[in-house]
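Asks: Please find one structure pasted underneath; my questions will follow.
The values are calculated or read from the model by the stated rules, or taken from the named source; none is laboratory data. Remember, it's a predicted structure, so these values are computed and weren't measured experimentally. So basically every Cβ, Gly included, is an ideal-geometry build from the backbone, and we count neighbours across all protein chains shown.
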Amino acid sequence: MGPGVEETLKLMGVITLFLIVPAEFDGVMDGFVYGALVGLGFTVVEDVSYFIHAAVAIAGAGDQMGPVVDTFLVRVVGGGLYSHVLFTGITGIGFAYLVTRPKAARRKACSALERAWSQASRRTQPGTRRGCSLSWRRPAPTSRARCSGSNMARSRGCRS
């Protein structure tokens, strides 16, 4: 896979986590941790697929352990587990920063991303502008949580 596809798929993993449990994204450190875990899973699966490919490539030709060990030395020892973990962690920081900021900051970030994208792709026609629909919000508290506590309940209009 090319790096663009890999990084996009790893970002989709972070976005999927956000869509499942949006309340768990409290700050940028959460984005780093979740991104790093997605990257770790990705690199483990990728390395295992390389090991299997190395063993199958010389099926029936005798020693199949040699190419697997060579691949292990190159992929894990030489390359380390850190690259996908670090890069996806940094991507998670950016995503968490975007979704944990107030609406005005999200619009500003979205405008900057739109400008960068249009300059990079050079597809934007003069005079056209695409809107940004980053309207993520934390889920509203349930009625039980919202109406707990006597003073808070009365101020929120909850019935006793």
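Residue-wise test of (1) at pLDDT 90 or above; (2) on the phi < 0 side of the Ramachandran plot; (3) in contact with a Gly (Cβ under 6 Å, 6 or more places away or on another chain).
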{"residue": "Val5", "(1), (2), (3)": "no, yes, no"}
{"residue": "Leu9", "(1), (2), (3)": "yes, yes, no"}
{"residue": "Gly13", "(1), (2), (3)": "yes, yes, no"}
{"residue": "Leu17", "(1), (2), (3)": "yes, yes, no"}
{"residue": "Met29", "(1), (2), (3)": "yes, yes, no"}
{"residue": "Phe32", "(1), (2), (3)": "yes, yes, yes"}
{"residue": "Leu37", "(1), (2), (3)": "yes, yes, no"}
{"residue": "Val48", "(1), (2), (3)": "no, yes, no"}
{"residue": "Ile52", "(1), (2), (3)": "no, yes, no"}
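Asks: Moving to a separate point now. Write out, first by first residue and then by second, each pair whose Cβ atoms fall under 6 Å of each other, whose residues are 6+ apart or on separate chains, and whose first residue, in the range 32-50, is within 30 Å of Met65 (Cβ to Cβ) while the second is surrounded by fewer than 16 Cβ atoms within 10 Å (Cβ to Cβ).
Replies: Thr43/Leu81
Asks: Additional query: Residues that are exposed (fewer than 12 other Cβ atoms within 10 Å of the Cβ) and hydroxyl-bearing (Ser, Thr, Tyr): does the range 57-78 have at least one?
Replies: No, the range 57-78 contains no residue that is exposed (fewer than 12 other Cβ atoms within 10 Å of the Cβ) and hydroxyl-bearing (Ser, Thr, Tyr).
Asks: Another question, then. Can you work out which of the residues in the range 66-86 that are part of a helix (DSSP H, G or I) and either hydroxyl-bearing (Ser, Thr, Tyr) or under 19 Å from Lys10 (Cβ atoms) (or both) is farthest from the chain's Cα centre (by Cα)?
Replies: By that ranking, first place goes to Thr71.
Asks: I'd like the full set of residues that are surrounded by 12 or more Cβ atoms within 10 Å (Cβ to Cβ) and within 21 Å of Gly4 (Cβ to Cβ), limited to the range 111-122.
Replies: Matches in the range 111-122: Leu113, Glu114, Trp117, Ser118.
Asks: Here is a further query. If I filter the range 84-103 for residues that are touching a helix residue (DSSP H, G or I) at 6+ places or on another chain (Cβ under 6 Å), more than 24 Å from Ala120 (Cα to Cα) and of a type in the set (Lys, Arg), do I get at least one hit?
Replies: no
Asks: Looking at the range 12-29, can you tell me whether even one residue there is assigned to a helix (DSSP H, G or I), under 24 Å from Trp117 (Cα atoms) and among the hydroxyl-bearing types (Ser, Thr, Tyr)?
Replies: Yes.
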